[in-house]
């Protein structure tokens, strides 16, 4: 009952709103019709009121004033059938969920759980009635009765229906009781006026629960006729029929008369089509529609469907059960045809009972076919549970007939255990993981609980939300590797729109290489966020191959909804100043070579030369001059600098050079962190015609494309814009 969040049953919240309306206003809603000027206060107000009135009595002492706060629709939800673990692109939950739904329950949450418990009890009543009816139809076959009950009890669709706030569970219980009453009537005979009064109360209650409850009026009248056909007692027939009909009219007639007065129609059908215009079929009803839309949806949902009938179980599961149902049908038919089997299951004594049950099932099925002609989405398997007695008893009889009457205990045991395993494992594997708090409730923190790796940002987007901090894990990757961006959002004020975020990660040249357009959390919305908390939003991505190394820049845009205009940020420079993802190798851990000469020059305020490794000072023309520089980052470096190493002749003219970013271009300066020591090897090709003599080896850094060199200082004394490394000799 608690495995599924509140509101995730079919129309559960609209049904509950009807209950609350009756509890608080103590009057029936009048739906919009014609020119009566009525607003649509109760979305489900077209339904007969019995379930809602009884439910209102159960929760009458409870405070449900927080209904609008607790049950907020998920603006990202879009109805799409899917089989987990696949999820629809716009989320799977119909409502937003928060820790307000957690134990201990209070207010609306408590009231809805109370009604869910009532639904479970009504489901148990239906199961008891199914078992009792099966024992009446087949009094000498108790194992078949147990099998029929197990097929119903362990059907995940029946369990789900019983554990949500919905009038279908009341109709299922009443339907099972009416079929028990009708079968008992034709099997054992009427019990006098009280018996017909009971039947009238049950049928009237069904007609006051749902429009399809009218089918059971036909069941009651059929039981009356079959009883008369057997006894041929006109007086009892007229007396019993009079009590039955008067009771039904007294119980339910007023509702249909009210519809006639208010909506010019005892069924209120045209009013329903007007208020539920989104369901009205606008295309012709064809054989294709009947087969693939109506029967197809019925097949997918009868053995287990969840949410708004959009969370389905794998096809292999429910198709296997339908295949077994087909085999059971073969067995049932054999029991009807083969004389030896017919004596046990379809004899003259129980033929009227079978006729009642199958007639009820056919009548309900036809009513829903008619419903599907006018509306879409009418093939819900739960609609047939009011006649589950007929369906499951026929199926159980067929199964037992297929395997022989002597194997009845084994058939019941295998069927019950198999269905029990299906009822537990199928939702546990495919459905419940969708509804864990970790997936439903946004991860939050108290404002003073930011982790150590989170960097404060403090960029506000209007008066709606603030990007409080960001974090990267890991903060340094290479192209082809993954990183996780974590955003810490602080909602502002008490009213804000449903916000959408557009994230861009830009490389060192300002070109986007990662784009994330998404809701902060598809199963939640900023509409319901609490200003006292920080909301943690994580997105994992892979850096594409070929992205240039260096420091990246994060761009965060917030819009009102997916298609809304961007909300201008306040102080956007704060985000630009936040350290972003670094694309580059991990910092080297080795110190400078033992043979390196110590150096102490500084370039700007962030970089120092700590060592020089020059193997020799004498070279020949045509050789590669090799030199290794050891740079140290004194602070994180924001820009990318190119290292130049040059050989100058006595007149100061350039004769050889090597310009490249540090570590042969694999360790850009923008990825340096304070304390990083970077070995930087250079090879300069000396010209073949280079004259012998003394030359000067210099080095430095410049920004590209401005070519502006970093100033050099030594012991805080300016040394120009290059470092004098050494004097070298060129010999013939």
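What follows is calculated from the coordinates using simple rules that are stated; it is not laboratory data. Please read all numbers here as calculations on a predicted model, not as lab measurements. When we count neighbours, we look across all protein chains shown, and the Cβ atoms used for this are built from the backbone with ideal geometry, even at glycine.
Got the relative contact order for region 444-582 handy, in percent, Cα pairs under 8 Å and 6 or more residues apart?
32
Compute the acute angle (0 to 90°) between the alpha-carbon long axis of helix 193-207 and the principal axis of greatest extent of the alpha-carbon atoms of the chain; round to the nearest 10°.
30
Rounded to the nearest angstrom and ordered from largest down, what semi-axes does the equivalent ellipsoid of region 377-523 get from its C-alpha gyration tensor (root of 5λ)? Mind dumping the intermediate values first?
Working: eigenvalues 610, 81, 50 Å².
Taking √(5λ) for each Cα gyration eigenvalue gives 55, 20, 16 Å.
For region 135-253, what Kirkwood radius comes out of the mean inverse Cα-Cα distance, in Å?
Numbers: mean 1/r = 0.0656 Å⁻¹.
Result for region 135-253, one decimal place: 15.2 Å.
Run the numbers for residue 194 and residue 324: contour at 0.36 nm per residue of separation, minus the present Cα-Cα distance, in nm.
Once the chain is fully extended between residue 194 and residue 324, it gains 42.6 nm.
Over all directions, average the projected area of the Cα convex hull of region 597-730 and note it in nm². Spell out each step's value before the answer.
Values: hull surface 31.3 nm².
It is 7.8 nm².
Would you kindly state how much longer the chain becomes between residue 638 and residue 282 on full extension, computed as 0.36 nm times their sequence separation minus their alpha carbon distance, in nm to one decimal?
Here the answer is 122.0 nm.
How far is it, in nm, from the label point at residue 333 to the one at residue 230 when both lie 7 Å from their Cα along the line to the Cβ?
2.9
Could you check what % of the DSSP bridge pairs in region 597-730 are antiparallel, to the nearest 5?
Roughly 95 percent of the DSSP beta bridges within region 597-730 come out antiparallel.
Can you tell me the 0 to 90 degree angle between the C-alpha axis of helix 315-337 and the longest principal axis of the chain, rounded to 10?
Relative to the chain, helix 315-337 is tipped by roughly 20 degrees.
Assuming R0 = 51 Å, can you tell me the calculated FRET efficiency for the pair residue 344 and residue 65, based on Cβ-Cβ distance, to the nearest 0.05?
On the way: r = 59 Å, r/R0 = 1.16.
Plugging the Cβ-Cβ distance into 1/(1 + (r/R0)^6) gives 0.30.
Determine which residues of region 437-460 fall in the zone a paramagnetic label at residue 532 would reach in this model, i.e. backbone nitrogen under 16 Å from the point 7 Å along Cα→Cβ.
Counting only backbone N, you get 444-449.
Give me the distance between the Cα centres of region 179-246 and region 663-725, rounded to whole Å.
102
Could you calculate the FRET efficiency of residue 577 with residue 432 from 1/(1 + (r/R0)^6), where r is the beta carbon distance between them and R0 is 56 Å, rounded to 0.05? Intermediate values should be presented prior to the final figure.
Details: r = 44 Å, r/R0 = 0.79.
Result of the calculation: an efficiency of 0.80.
At what distance in nm do the modelled label points of residue 481 and residue 617 sit from each other, each positioned 7 Å from its Cα along Cα→Cβ?
4.1
By how many degrees, 0 to 90 and rounded to 10, does the Cα axis of helix 168-188 deviate from the longest principal axis of the chain?
30
How would you rank 502-515, 284-297, highest first, on the average number of other Cβ atoms within 10 Å across their residues?
502-515, 284-297
Please give, to one decimal in nm, the separation of the simple spin-label points placed at residue 597 and residue 516, each 7 Å out from Cα toward the Cβ.
Using points 7 Å along Cα→Cβ, the separation is 5.0 nm.
Go ahead and collect, in residue order, the members of region 48-65 whose backbone nitrogen is under 18 Å from a label point 7 Å along the Cα-Cβ direction of residue 254.
Zone members listed by number: 48-57.
With the contact rule set at Cα under 8 Å and sequence spacing of 6 or more, what percent relative contact order holds for region 597-730?
Computed over region 597-730, the figure is 29 percent.
For the ranges 151-160, 705-714, what's the packing order if you count other beta-carbon atoms within 10 Å of each residue, average per peptide, and put the highest first?
On the way: 151-160: 23.4, 705-714: 14.1.
Top of the packing list down: 151-160, 705-714.
Tell me, what is the Rg over Rh of the chain, with Rh the Kirkwood radius over Cα pairs?
Details: Rg = 39.0 Å, Rh = 31.9 Å.
That ratio equals 1.22.
Under the definition of Cα pairs under 8 Å and six or more residues apart, what whole-number percent is the relative contact order of the chain? List each step's numbers first, then the result.
Numbers: 1405 pairs, mean separation 76.6, N = 732.
Relative contact order for the chain comes out at 10 percent.
At a 10 angstrom cut-off on C-beta neighbours, averaged per residue, how do the peptides 9-21, 50-62 rank from highest to lowest?
Top of the packing list down: 9-21, 50-62.
When only alpha-carbon atoms are used, what values of Rg and Dmax, in angstrom, describe region 454-572?
Every Cα atom of region 454-572 included, Rg and Dmax give 14.5, 45 Å.
Set the Förster radius R0 to 45 Å, insert the Cβ-Cβ distance between residue 565 and residue 81 as r into 1/(1 + (r/R0)^6), and round the FRET efficiency to 0.05.
Efficiency, rounded to the nearest 0.05: 0.85.
Counting only helical runs of four or more DSSP H residues, what would the 222 nm mean residue ellipticity of the chain come to if each run contributes -39,500 (n - 2.57) and the total is spread over all its residues? Provide the component values of the computation, followed by the final result.
Numbers: 20 runs with 269 residues, N = 732.
Here the helix-only value at 222 nm equals -11500 deg cm²/dmol.
Any chance you could run the full-extension gain for residue 494 through residue 351? It's 0.36 nm times the residue separation minus the Cα-Cα distance, nm to one decimal.
Length gained between residue 494 and residue 351: 44.9 nm.
Based on C-alpha coordinates, I'd like the Rg and Dmax of region 361-446, in Å.
Computed over the Cα atoms of region 361-446, radius of gyration and Dmax are 19.8, 66 Å.
Whole angstrom only: what separates the Cα centroid of region 249-324 from the Cα centroid of region 1-76?
First find each Cα centre; the distance between them is then 20 Å.
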